[in-house]
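Right, one structure below, let's go through it.
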Amino acid sequence: MSIGSRSELTSGYFLLVRAASDESSIAACPLTHQVQMLCKLKNIEPLIMPFNIQKKSKKFLEINSTGKVPVLVHQVNEDEALVLDDPPLIAKYLEELYPDPPIGSKSKEAIVAGSDIFQKFCALIKNQDPSKEAGMKAALLRKMEALDSLLKSTNGAFMEGDSLRFSDCSLLPKLLLVRVAAKELKGVEIPARLKGVWRYIHAGEKQSVFLETRPSNELIKEHWSRHFAAPIIEGYEKDY
């Protein structure tokens with residue numbers, strides 16, 4: 001299988017991602033942000049190809065029949081390509097090919113921290129029942145408080161030390177959505193008293209790996225407001 005011209009295959013890597021409403025920009029999907037960070041950490045610059053996955057074009061399904069995004073494609077040669085559509089598998093594959101710097105996470109607690117928060121965020125964003133709003137905001141806050149305690153117990157700037165790992169590539173994009181989308185759409189802000197969380201956020205913001213892959217606030221608000229009154233996009237609430 002070949003998905004690009006010979007000139008496009010100089011790096012051999014392609015990243016198929018969810019497109020924003022203009023169908024050319026990259027949507028504010030935390031999984032896309034996560035995989036972009038993983039690639040940056042391994043000094044890989046894939047050709048990024050935004051797709052409108054609601055239309056599920058023939059070209060897209062030929063590459064990845066599951067319809068999931070993001071998808072990292074490694075074009076091994078003109079006729080052979082490896083297709084990976086799961087962030088942990090992508091991280092494992094890149095780690096095997098490029099051991100330095102190491103990005104693997106050893107702490108299960110660190111890995112699931114982002115998923116726990118994101119599940120509560122998704123539930124709050126899609127909620128349309130005013131009677132449940134306060135309870136959902138409180139549930140998200142409890143997860144943020146638990147994260148704060150976890151971060152205060154860690155040794156280093158990040159989840160597992162002073163270097164970014166897989167767990168950070170999962171958590172930082174999700175905290176960004178809470179900071180921007182939850183505030184703009186639901187009036188929820190991360191309390192200043194959660195000093196461990198804010199220290200972690202500020203440490204992440206100093207990393208080029210995060211900043212160079214970060215969606216703009218405008219794209220975040222546009223993306224999540226489109227799904228504000230609709231079911232959360234398939235796959236977003238899975239525990240990665």
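Say whether the condition of being in contact with a Ser or Thr (Cβ under 9 Å, 6 or more places away or on another chain), in contact (Cβ under 8 Å) with a residue 12 or more places away in the chain and open to solvent by 70 Å² or more (accessible area, probe 1.4 Å) is met by at least one residue in the range 81-93. Checked the range 81-93: no residue is in contact with a Ser or Thr (Cβ under 9 Å, 6 or more places away or on another chain), in contact (Cβ under 8 Å) with a residue 12 or more places away in the chain and open to solvent by 70 Å² or more (accessible area, probe 1.4 Å). With the structure loaded, tell me whether V188 is buried (at least 20 other Cβ atoms within 10 Å of the Cβ) and more than 24 Å from P88 (Cβ to Cβ) or whether it fails that test. Yes. Go through the range 56-104 and give me each residue that's of a type in the set (A, V, I, L, M) and under 17 Å from the mean Cα position of the chain (by Cα). Correct list: V69, V71, L72, L84, L89, I90, A91, L94, I103. In the range 37-47, the count of residues that are modelled with pLDDT of 90 or more, under 28 Å from L211 (Cα atoms), surrounded by 15 or more Cβ atoms within 10 Å (Cβ to Cβ) and charged (D, E, K, R) is one or more.
Scanning the range 150-182 for residues that are open to solvent by 10 Å² or more (accessible area, probe 1.4 Å), assigned to a helix (DSSP H, G or I) and without any contact (Cβ under 8 Å) to a residue 60 or more places away in the chain returns L150, K152, R179, V180.
So which residues in the range 183-209 are part of a helix (DSSP H, G or I) and either under 16 Å from E145 (Cα atoms) or touching a Lys or Arg at 6+ places or on another chain (Cβ under 6 Å) (or both), if there are any at all? Once the filter is applied, which keeps residues that are part of a helix (DSSP H, G or I) and either under 16 Å from E145 (Cα atoms) or touching a Lys or Arg at 6+ places or on another chain (Cβ under 6 Å) (or both), the range 183-209 yields E184, K195, G196, V197, W198, R199, Y200, I201, V209. Within the range 195-212, residues that are among the hydroxyl-bearing types (S, T, Y) have Cβ atoms under 6 Å from residues that are surrounded by 12 or more Cβ atoms within 10 Å (Cβ to Cβ) and assigned to a helix (DSSP H, G or I) in these pairs: Y200/L151, counting only partners at least 6 apart in sequence or on another chain. Scanning the range 137-149 for residues that are within 19 Å of K106 (Cα to Cα) and open to solvent by less than 30 Å² (accessible area, probe 1.4 Å) yields a count of 1. The condition (being surrounded by fewer than 19 Cβ atoms within 10 Å (Cβ to Cβ), touching a helix residue (DSSP H, G or I) at 6+ places or on another chain (Cβ under 8 Å) and on the phi > 0 side of the Ramachandran plot) is satisfied by just one residue among G67, G12: G67. Assuming E222 fulfils every condition listed in (1) of a type in the set (D, E); (2) at pLDDT below 95; (3) under 25 Å from I90 (Cα atoms) apart from one, which condition is it? Exception for E222: condition (3).
I'd like to check something: does the range 111-128 contain any residue that is farther than 23 Å from C29 by Cα, not acidic (D, E) and not in a loop (DSSP other than H, G, I, E, B)?
Within the range 111-128, the first condition is being farther than 23 Å from C29 by Cα, and the residues that meet it are none.
Checked against the condition, which is being farther than 23 Å from C29 by Cα, not acidic (D, E) and not in a loop (DSSP other than H, G, I, E, B), the range 111-128 yields no hits at all.
The lone criterion from (1) over 27 Å from D86 (Cα atoms); (2) assigned to a loop (DSSP other than H, G, I, E, B); (3) aliphatic (A, V, I, L, M) left unmet by A139 is number (2).
The values are calculated or read from the model by the stated rules, or taken from the named source; none is laboratory data. Predicted, not measured: the structure shown is a model, and the values here were computed from it. All Cβ positions, glycine included, derive from the backbone under ideal geometry; neighbour counts span all protein chains shown. The accessibility values were calculated without ligands, DNA or RNA, using every heavy atom of the protein model including side chains. Shrake-Rupley method; radii C 1.70, N 1.55, O 1.52, S 1.80 Å.
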